[in-house]
Amino acid sequence: MPIHTEGTTQGDFISAFAIDGVTDGVVNTAGEFPYKAPELAFHLAPGVHDLSITSGEYATDNYTVWVDWNNDGDWNDGFETVGSFVSTTAFTAQSIQLNVPDTVWGWFTLRVRCADVDPLLPCVEHTWGETRDYMIVVNNPLLPCLTYNYAGNTTGYGIDSLKVNGSAADFLPGSPNHWILGTDPVVHVLPGDTLHVIAFGNSMNATNLVNAYVDLNNDLDFDDPYENGPYVQGTSAYETMAFNVNIRFNTVPGAHWLRIASYGPGFEFVYGCYDPVAGQVVDVLFIVDDPDGPCIPGSLHWTSEGDFIDGVQLGDINNVGSGAPYGPAYTDHTALSADLIVTHVYNMLVTSGAYGSDDYHAWIDYNDDDDFADANEFLGSANSNAAYQNLIIPFTVPVGTTPGNKRMRVRCIWNSGPDPCADGGYGETEDYTVNIDLNTAIAENANANWSAIGEAAGSHIIVTGSAAPCTISLLDATGRLISIRAMSQRMITLPTEDLPNGIYTVERTTDDRREVKRVLIMH
């Protein structure tokens, strides 16, 4: 904290400070002496914002603004200086553009200083002038809205600890007084159940308001019907306050957010993104299980440290670049599907997340009994040793598998063996659909009246046959469709010069039959 020994006594102060029209201070009045703590928060989206500073009574002062974007406790990094100017008259507003990067989220301290020195640095002590700190709050698009309050439980308000269905939701006191966490053990409920919440109050709990919110439809807000409430108001110091949160019968299975907000003194109906005057906001991740489907695994820290799935590729499933820190603990991707053939060998390509060492496992529920515990349903594992690594899980669709749609599960889990249902410490789970077809329907037929031959240099495949109309598809070793075209002449060529070396499948489809040929491409 920089000190101004004489402070604002000679008129060197910040009269007013504003971002996008939200103003702190009054023009023609003195500023703060000697320092203003970050009590006020500005909630900003990524992009450019208008910042305004009104100078003080002393005509010629330097004014500079910084933001600690990397939260390292200083403002010395090259990208952290927002802008500066020198005033020439008293009580005059000047504008600076504040650019919030699209790569950041969370809470960041903005510092604005006034002093009659050049250069004006963020932490050096001066004789005259003023320093103010504010908090910049940037939401994460994968999380509910973020809140901020400076006081926390320092005034005796807020809650000391929290339990949900008997599981501890542990958090530490201190800025930003908004916590995002799981419970140990992970809380699981069914649609129609209740969450039993116990909040333990502090010394000023007699007037403390505690409100619960729950995101039932996973749109990351608490504004929809039945998402706000219940609430309880404390009646005594260190009180144990208990209440139930209803999980409605039509709640979508998966991971959901429970928000417990302690607002401090007074009573008013507020919405879930309101900044408390004092106290804390605690977001707790819990799992709503599917009564008519397979288990849904939870995770204490889920993807918060980078343990996630960044891509799954198998046949027509090409879900890449899909992961991120603080992304969902569970995602139902069953709208994405791939066609698989009984007895065929496939290579599932899984891209690891930002954390460098995780275990990745895959299953298919071949017999449709809503579990992954039967013979041959575990496909295999792969282990990452670097961030964003491409991993291969090879598997064969077993003989005897009935045709139709099946659920495929892919899990990322830190330091754990293959278990499709167990809660973990870090990681995520994704479900997909695979459509199983019988091998006899598209068997490779050496005697078929058509051929697919790779050109010697690997630049193209020559497909020949009758002139009867058909469709020719080219697939890679994972079953992913590379190209498709109609054929109504005796010969066509499929370009392959940009494809990596390997074995490819050429599929010929007519009204009543599908046939395949395997082709080796070597450049």
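The values are calculated or read from the model by the stated rules, or taken from the named source; none is laboratory data. Computed from a predicted model, the values in this text were never measured in an experiment. Note: ideal-geometry Cβ built from the backbone for every residue, glycine included; neighbour counts use all protein chains shown.
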I'd like the full set of residues that are surrounded by 14 or more Cβ atoms within 10 Å (Cβ to Cβ) and in contact with a strand residue (DSSP E or B) (Cβ under 7 Å, 6 or more places away or on another chain), limited to the stretch 404-419.
K406, R407, M408, R409, V410, R411, C412, I413, W414, S416, P418
If you scan the stretch 355-371, which residues turn out to be over 23 Å from G293 (Cα atoms), touching a strand residue (DSSP E or B) at 6+ places or on another chain (Cβ under 8 Å) and assigned to a loop (DSSP other than H, G, I, E, B)?
S357, D358
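Each row is one residue, and each column tells you yes or no for (1) in contact with a helix residue (DSSP H, G or I) (Cβ under 8 Å, 6 or more places away or on another chain); (2) part of a loop (DSSP other than H, G, I, E, B); (3) assigned by TED's automatic domain parsing to the domain that holds P34.
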site	(1), (2), (3)
A90	no, yes, yes
C123	no, yes, yes
T127	no, no, yes
D133	no, no, yes
L143	no, yes, no
Y148	no, yes, no
Of all residues in the stretch 31-72 being in contact with a strand residue (DSSP E or B) (Cβ under 7 Å, 6 or more places away or on another chain) and among the acidic types (D, E), which is surrounded by the most Cβ atoms within 10 Å (Cβ to Cβ)?
D61
Given the conditions (1) under 14 Å from N62 (Cα atoms); (2) in contact (Cβ under 8 Å) with a residue 40 or more places away in the chain; (3) of a type in the set (S, T, Y), and given that Y134 satisfies all but one, which numbered condition is not satisfied?
(1)
Only one residue in D184, D215, D224 is touching an Asp or Glu at 6+ places or on another chain (Cβ under 9 Å), within 30 Å of D289 (Cβ to Cβ) and free of Cβ contacts under 8 Å to residues at least 12 places away in the same chain. Which one?
D224
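Quick grid of which residues meet (1) more than 21 Å from S203 (Cβ to Cβ); (2) within 28 Å of the chain's Cα centre (by Cα); (3) surrounded by fewer than 15 Cβ atoms within 10 Å (Cβ to Cβ):
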site	(1), (2), (3)
V232	no, no, no
S236	no, no, yes
M241	no, no, no
T251	yes, yes, no
L258	yes, yes, no
S262	no, yes, no
P265	no, no, no
So in the stretch 341-352, with the set limited to residues that are under 27 Å from the mean Cα position of the chain (by Cα) and in contact (Cβ under 8 Å) with a residue 60 or more places away in the chain, which one is surrounded by the most Cβ atoms within 10 Å (Cβ to Cβ)?
S352
Okay, strands (runs of 3 or more DSSP E) sitting entirely in the stretch 410-523 with 1 or more residues that are touching a residue at least 40 places away in the same chain (Cβ under 8 Å) and either more than 43 Å from the chain's Cα centre (by Cα) or closer than 29 Å to A335 by Cβ (or both), I get 427-437, 451-454, 460-464, 470-475, 481-487, 502-509, 514-521
Report whether or not H196 is closer than 20 Å to T240 by Cα, surrounded by fewer than 19 Cβ atoms within 10 Å (Cβ to Cβ), at pLDDT 95 or above and not aromatic (F, W, Y).
yes
Restricted to the stretch 137-164 and to residues being among the polar types (S, T, N, Q) and crowded, with 17+ Cβ neighbours inside 10 Å, the residue modelled with the lowest pLDDT is N153
Being outside any loop (DSSP other than H, G, I, E, B) and among the aromatic types (F, W, Y) is the filter here, so list the residues in the stretch 49-83 that pass it.
Y63, W66
Out of the stretch 124-136, which residues are of a type in the set (A, V, I, L, M) and either surrounded by fewer than 20 Cβ atoms within 10 Å (Cβ to Cβ) or over 20 Å from T23 (Cβ atoms) (or both)?
V124
